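Structure first, then comments.
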Amino acid sequence: MIHSLSPKEAEELIAAGTIDVVDVREPDEFASGHVPRARNAPLGDVKNDPKRHLPRDEVMLVCARGMRSATAASIAESLGYAKVYQLDGGTQAWIADGLPVERPERPVSAASSAPPESDASCGLPEPGLDVVVGANMRALRTQRNLTLDQLARITGLSRTVLGQIELGKTPPSVSTVWRIAQAFEVPFSTLLATPERAGTRVLRAQEARRLVSPDGRFSSRALYPFEEKPSAELYELHLAAHSREDAQAHQPGTRENLVVTAGRLELEVGSDRYELGKSDAIVFTADVPHSYVNPGSEECVMYLVMTYTSR
């Protein structure tokens, strides 16, 4: 079983001195600052030789925000380990909590520095997306003459978290962006929009804007240019093995058309439950609470089309 730890919980476990802390980022990322007592084993190496790089049980996986460590944690779990831990929010959450980081005494060779893998299972959100969400949230809040305290009461999020998001200092999760969009009664894409001219666009996988859940086990990648405000929004979703993602009710009349392309999915819509396998599709009204559950041992990949009654 994989256990997700807050930075404070992780700090206590590390201080006990019994945990193997493995940072699965690339060497240049590791050299920029890492959790104390961590050793570096890039995710690509872990995938190629799991037993060598994850030699024992009671291991904590760490990356930048949580996606790569979630993949590594799943690998550790597949080795039969019972004490597998993952740092919730990665090193960014660790630093945001004011906890110390260490840096290697010697600089890492440039030859060993390679860009992170760009496959969806370990892709990270585009750094600039934090700033985009924050700027759009601030604009919406100003238009409605809301204070951060008022917005906090509406969303149920703390004023501190909202303030950090506005400043672009905290990476918002998928569920957080949904809650903010619901508070303003705007489509999800409104908070991700950037002012760029429309036209033919190639949306490169390595440049994808991904939003990731706090535990790093669910990610959403938009497959459309935000600035065009399409009548339908297309997303690529990844849900790690044995994971669950709960979604709040969307705007009245919102419809979701979803197809599973890998793995299995249990979809809960209100009090109803549906089981979907590879190539199965479903269309449902998403203005009630709904949940995506992956009961299988492999990652579930889905494509989702979202439509609204009005834009």
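Taken over the stretch 1-37, residues that are surrounded by fewer than 18 Cβ atoms within 10 Å (Cβ to Cβ), of a type in the set (Gly, Ala, Ser) and either free of Cβ contacts under 8 Å to residues at least 40 places away in the same chain or within 15 Å of Tyr85 (Cα to Cα) (or both) amount to 4.
Considering only residues that are of a type in the set (Phe, Trp, Tyr) and farther than 18 Å from Lys8 by Cβ, which ones fall in the stretch 59-102? Before the answer, list the steps.
So in the stretch 59-102, the residues of a type in the set (Phe, Trp, Tyr) come out as 81, 85, 94.
Result: Tyr81, single match.
The residues of the stretch 8-33 that are modelled with pLDDT of 90 or more and in contact with a Ser or Thr (Cβ under 9 Å, 6 or more places away or on another chain), listed by number, are Val22, Asp23, Val24.
For the stretch 252-309, what are the residues that are among the hydroxyl-bearing types (Ser, Thr, Tyr), out of contact with any helix residue (DSSP H, G or I) (no Cβ under 9 Å at 6 or more places or on another chain) and touching a residue at least 40 places away in the same chain (Cβ under 8 Å)? Break it down into steps so the answer makes sense when it comes.
If we filter the stretch 252-309 for residues that are among the hydroxyl-bearing types (Ser, Thr, Tyr), which is where we start, we get 254, 261, 271, 274, 279, 285, 291-292, 297, 303, 307-309.
Okay, now just the ones that are also out of contact with any helix residue (DSSP H, G or I) (no Cβ under 9 Å at 6 or more places or on another chain), so 254, 261, 271, 274, 279, 285, 291-292, 303, 307-309.
Thr254, Thr261, Ser291, Tyr292, Tyr303, Thr307, Tyr308, Thr309 - these are the residues of the stretch 252-309 that are among the hydroxyl-bearing types (Ser, Thr, Tyr), out of contact with any helix residue (DSSP H, G or I) (no Cβ under 9 Å at 6 or more places or on another chain) and touching a residue at least 40 places away in the same chain (Cβ under 8 Å).
Pairs linking a residue in the stretch 44-55 that is farther than 9 Å from Leu79 by Cβ and assigned by TED's automatic domain parsing to the domain that holds Ser69 to a residue that is of a type in the set (D, E, K, R) and buried (at least 16 other Cβ atoms within 10 Å of the Cβ), with Cβ atoms under 8 Å and 6 or more positions apart or on different chains, are Gly44/Glu117; Pro55/Asp20. If I go through the stretch 72-116 residue by residue, how many of them are of a type outside the set (Phe, Trp, Tyr), at pLDDT 85 or above, touching a helix residue (DSSP H, G or I) at 6+ places or on another chain (Cβ under 8 Å) and not in a loop (DSSP other than H, G, I, E, B)? Matching residues across the stretch 72-116 total 8.
Consider Arg56 carefully, then state whether it is touching a helix residue (DSSP H, G or I) at 6+ places or on another chain (Cβ under 7 Å) and surrounded by fewer than 16 Cβ atoms within 10 Å (Cβ to Cβ). No; evaluated as a whole, the condition is false for this residue. I'd like the residue in the stretch 7-22 that is part of a strand (DSSP E or B) and touching a Pro at 6+ places or on another chain (Cβ under 9 Å) and, out of all such residues, is farthest from Gly216 (Cα to Cα). In this case the residue turns out to be Asp20.
Taken over the stretch 222-267, the criterion of being closer than 26 Å to Arg201 by Cβ, among the β-branched types (Val, Ile, Thr) and at pLDDT 90 or above is satisfied by Val259, Thr261.
Has the stretch 203-221 got any residue that is outside the structural domain of Ala72 (by TED's automatic domain parsing), touching a Phe, Trp or Tyr at 6+ places or on another chain (Cβ under 6 Å) and either at pLDDT below 85 or under 25 Å from Gln86 (Cα atoms) (or both)? I'd like the intermediate steps shown before the answer.
From the stretch 203-221, those outside the structural domain of Ala72 (by TED's automatic domain parsing) are 203-221; that's our starting set.
Among the residues that remain, those that are also touching a Phe, Trp or Tyr at 6+ places or on another chain (Cβ under 6 Å) are: 220.
Remaining after also requiring either at pLDDT below 85 or under 25 Å from Gln86 (Cα atoms) (or both): 220.
Yes: the stretch 203-221 contains one or more residues that are outside the structural domain of Ala72 (by TED's automatic domain parsing), touching a Phe, Trp or Tyr at 6+ places or on another chain (Cβ under 6 Å) and either at pLDDT below 85 or under 25 Å from Gln86 (Cα atoms) (or both).
The set of residues from the stretch 154-195 being part of a helix (DSSP H, G or I) and farther than 27 Å from Thr309 by Cα comprises Arg159, Thr160, Val161, Leu162, Gly163, Gln164, Ile165, Glu166. When every residue of the stretch 46-58 is checked against the conditions, none turns out to be of a type in the set (D, E, K, R) and modelled with pLDDT under 90.
The values are calculated or read from the model by the stated rules, or taken from the named source; none is laboratory data. It should be emphasised that the depicted structure is a prediction, and the values quoted were computed from it without experimental measurement. Cβ sites come from the backbone with ideal geometry, for glycine too, and all protein chains shown count toward neighbours.
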